[in-house]
1. Would you mind calculating the relative contact order of the chain from Cα pairs under 8 angstrom and at least 6 residues apart, reporting the percent as a whole number?
2. Could you grab the Rg to Rh ratio for the chain? Cα atoms only, Kirkwood for Rh.
3. What Cys residues in the chain are without a partner cysteine, judged by a Cβ distance under 4.7 Å?
4. Mean shadow of segment 31-70, computed from the convex hull of its alpha carbons, in nm²?
Amino acid sequence: QVQLAESGGGLVQAGGSLRLTCAASGRTFSSCAMGWFRQAPGKEREFVAAIDWNGGVTYYADSAKGRFTISRDNAKNTVYLQMNSLKPEDTAVYYCAARNLPSYRTGSQFPYWGQGTRVTVSS
């Protein structure tokens, strides 16, 4: 089992930045690929970014490329999502997720999820 707790959400103006943090506990964090997803009001949850076990490979949705950066600190059991140049369409609840494998491929499943942190971007 992996327990995940997100933080860092809030209200920000368009063009601003936020850094989301996901603290993990339980199963060996360093053996898990990690991901960030989001769900906007009235929409399905969508993939945002993922990172493999040692941070060597990252993946981004087209909407996140060039603006968001996923990173991890295995010594702190933490994964981050730095979000810059935020847009109103980035408004959503952001979820951290963990795989029980070290790598990620498009469409990989994430068995473990946090409760989410809300991000609101005002225009």
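Every number here is computed from the coordinates shown, using simple stated rules; none is lab data. It should be emphasised that the depicted structure is a prediction, and the values quoted were computed from it without experimental measurement. Neighbour counts are summed over all protein chains in view; Cβ atoms, including those assigned to glycine, are modelled from backbone coordinates with ideal geometry.
1. Relative CO of the chain lands at 36 percent.
2. We get a ratio of 0.94 for the chain.
3. Cys32
4. 3.1
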